[in-house]
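Okay, structure first, notes after.
The values are calculated or read from the model by the stated rules, or taken from the named source; none is laboratory data. Model, not experiment: these values are computed from the prediction. Glycine gets a Cβ as well: all are built from the backbone with ideal geometry, and neighbour counts include every protein chain shown. When the accessible area is computed, the model is the full protein with side chains, heavy atoms only, and any ligands, DNA or RNA have been set aside. Shrake-Rupley method; radii C 1.70, N 1.55, O 1.52, S 1.80 Å.
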Amino acid sequence: DPALVAEGEKVFKKCKACHQIGEGAKNKTGPELNNIIGRTLGGHDGFKYSKTMAEMGEGGLVWNDETLAEFLSKPKDYVKKTKMSFAGLKKDDDIAAVIAYLKSFSQ
Ligand code: HEM
């Protein structure tokens, strides 16, 4: 849904301080987010994750609609002691939109 992706691009402004996405995206304060759908939690080579996020990935968790929605609503509840200093998105609509935007950069 292109309208939802466009909405998600606006929401992603809140993420841009730390994350890059799209052509040439690099790890910054946060990991780059291309192909995040289906990626193992804490799975980007060359990024130093919190112990918890790395361990959740080692346990087999991957990013999909459900895990992203949980994490983005309350990052610190889903990943205890996460390095992501972000309070979370309050509105379910914003979460759905930003996930649609992330998906548009995933195969
Ligand atoms: C991790 C998304 C905002 C810093 C992540 C991950 C996702 C994500 C999907 C997991 C990446 C992976 O497993 O490779 C988002 C979205 C945001 C947002 C959609 C906006 C709604 C921010 C902000 C910051 C930040 C504002 C910095 C203040 C980080 C860091 C990690 C991370 C440091 C690694 C977490 C850890 O190791 O526990 N983010 N993020 N993010 N993000 Fe964000």
Notebook entry, point to check: Tell me, what HN-Hα J-couplings in whole Hz come from the Karplus equation 6.51 cos²θ - 1.76 cosθ + 1.60 at θ = phi - 60° for each residue of the stretch 72-88, using x for Gly and Pro?
Noted result: 6, 6, 8, x, 6, 7, 6, 10, 4, 6, 4, 7, 7, 7, 8, 5, x
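Hey, what number do you get for the chain at 222 nm if only DSSP H runs of n ≥ 4 count, each worth -39500 (n - 2.57), divided across all residues, to the nearest 500?
Value at 222 nm, helices only, nearest 500: -11000 deg cm²/dmol.
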Margin query: For residue 13, give me every one of the aspartates and glutamates with a C-alpha distance below 13 angstrom, ignoring sequence neighbours fewer than eight places off in its own chain.
Written below: 94
Next item on the list: Kindly write out, for the stretch 35-44 in residue order, the coupling ³J(HN,Hα) from the Karplus curve 6.51 cos²θ - 1.76 cosθ + 1.60 (θ = phi - 60°), rounded to whole Hz, with x marking Gly and Pro.
Entry: 6, 6, 5, x, 6, 5, 3, x, x, 7
Notebook entry, point to check: Between residue 40 and residue 17, what length comes free when the chain is fully extended (0.36 nm per residue of separation minus the Cα-Cα distance, one decimal in nm)?
Noted result: 6.0 nm
Note to self: What FRET efficiency comes out for residue 106 versus residue 81 if R0 is 35 angstrom and r is the Cβ-Cβ distance? Round to the nearest 0.05.
What the structure shows: 0.85
Checklist line | Accessible surface, per residue, of the stretch 2-103 when the full set of protein chains is kept, probe 1.4 Å, Å² | finding: 60
Margin query: Please list, ordered by chain and number, the residues whose modelled amide H lies under 5 Å from the amide H of residue 62; skip anything fewer than 5 residues away on the same chain.
Written below: 41
Notebook entry, point to check: For the pair residue 93 and residue 50, how long in nm is the line joining their label points, each one 7 Å along Cα→Cβ?
Noted result: 2.9
